[in-house]
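These notes are about the structure you will find just below.
No value in this document is a laboratory result; all are computed from the given coordinates. Predicted model, so just to flag it, every value in this text is computed and none were measured. Neighbour counts run over all protein chains shown; Cβ positions are idealised from the backbone, glycine included.
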Amino acid sequence: MDTKNKIFNSLTMVMSFVPLFILVSIFVFVLYYSFPAIQYMGIRFFTTYLWYPGIESRPPVHVNGVTAPYASSYGLILFLTGTLVSSALAIIIALPLSFFSSIAVELYLPSRMKKVLISIIELFAGIPSVVYGLWGIIVLEPVLFYYIEPWMKDNLSSVPGFAGEIYSGAGILASAIILAIMITPIIVSVMVNSFDTVPVEIKQGIISLGATKWELGKYLITGYSRMSTYGGTLLGLGRALGETMAVLMVSGAVVNVLPSSFYSAINTMAAAVASLLDSAFFDSTGMSIAALSELSLVLMIISLTVNVLGRRIAGRGALRGVELD
């Protein structure tokens, strides 16, 4: 091997480790800044929903070797609840939408129209989240407040979660709908790519046995491409868990109030970090920054876990064209 090839191979190897280095660096950075909050709150960080920066006019307190504002408290429960509920509802909305869209694109549209529609769907993933949030404020929230949520309250109040006061349209439903719109292109893209890996002989064989296109589509999604469906869903969930600006704009961004129904305002971990960061810098002890760092650390671990699982599963189905039980 000549010198140029050796240099190229060495540089390629070094550059391949750059993303891993950046990821580990971010994790170590967030973990380091989280230590004061970990020492101060301990396990209570995971058992309380109260997020209170304390009383600056009183002398700070010293707990477990760290300094914190007087009477301050930092809890994960409210933000974790908002994150999980909004993301779960987004998946419930996005999955059937992606299911029908994928079947329509793959089996019912001409090849030219299929390429155009796939390109349009993928463009949705490139729209800035703040645009989704603005649309949510101007269009979605009034529709929910004046029409959809009153109807749901009148007709579904016997179902748990659908009875309660309607506030402004901002809250769980608005957040879930926005997230569903944002993650649908990801799920559809994985499903359609998985369909393309299915051998033509299998598709033609199923049709020749008398199956309709609808029955073929159901088999591809629930059978041959089942693992890709799971993987695409997890990738969409990973996007939903970490979404910030769009959710911040339509969630209501409440603090210290747990949701009581699907009409309630909420807050998520990502949105809380963005909304509380400015005021955290006024904390002279630095504990508020540490608490937000710990919140970010938990969100990072959850998001990385979901994304790694999603890519691992989707890769087996969508990239290799095989499904493993």
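Please work out the Cα center distance from the stretch 1-56 to the stretch 252-291, rounded to the nearest Å.
Cα centroid of the stretch 1-56 versus Cα centroid of the stretch 252-291: 22 Å apart.
Just tell me which lysines come within less than 25 Å, Cα to Cα, of Lys213; anything on the same chain fewer than 8 places away is out.
Output for Lys213: Lys114, Lys115, Lys203.
Specify the angular offset, from 0 to 90 degrees and rounded to the nearest 10, of the alpha carbon long axis of helix 172-196 from the longest principal axis of the alpha carbons in the chain.
On a 0 to 90 degree scale, this one is about 30.
Please label the shape of the stretch 172-255 as rounded, prolate or oblate, based on the square roots a ≥ b ≥ c of the eigenvalues of the alpha-carbon gyration tensor (a/c under 1.5 means rounded; beyond that, a/b larger than b/c means prolate, else oblate).
Prolate, because a/c is 1.5 or more and a/b exceeds b/c.
If contacts are Cα pairs under 8 angstrom and at least 6 residues apart, what is the relative contact order of the chain in percent?
It comes to 26 percent, rounded to a whole number.
Let a ≥ b ≥ c be the square roots of the eigenvalues of the Cα gyration tensor of the chain; is it rounded (a/c under 1.5), or, if not, prolate (a/b larger than b/c) or oblate?
Oblate, since a/c reaches 1.5 and b/c is not below a/b.
Hey, what angle do you get for helix 269-280 against the long axis of the chain, alpha-carbon based, 0 to 90 degrees rounded to 10?
Between helix and principal axis, roughly 30 degrees.
In whole Hz, what ³J(HN,Hα) sequence does the stretch 247-262 give by Karplus (6.51, -1.76, 1.60; θ = phi - 60°), x for Gly and Pro?
5, 4, 6, 10, 8, x, 6, 7, 10, 6, 10, 6, x, 10, 7, 6
How would the stretch 1-126 be classified by its alpha-carbon gyration tensor: rounded, prolate or oblate, with rounded meaning a/c under 1.5 and the a/b versus b/c comparison settling the rest?
Oblate is the answer for the stretch 1-126, as a/c is 1.5 or above yet b/c matches or exceeds a/b.
On C-alpha positions alone, give me the angle between the axis of helix 287-314 and the longest principal axis of the chain, in degrees, nearest 10.
Approximately 10 degrees, to the nearest 10.
Taking a cut-off of 20 Å between Cα atoms, list the aspartates and glutamates near Lys153, but don't count ones fewer than 8 places away on the same chain.
The reachable aspartates and glutamates, counting only those whose Cα sits under 20 Å from Lys153, are Glu141, Glu165.
Please report the net charge: other residues with Cβ closer than 15 Å to the Cβ of Ile172, K and R +1, D and E -1.
Within the 15 Å Cβ shell, the charges total -3.
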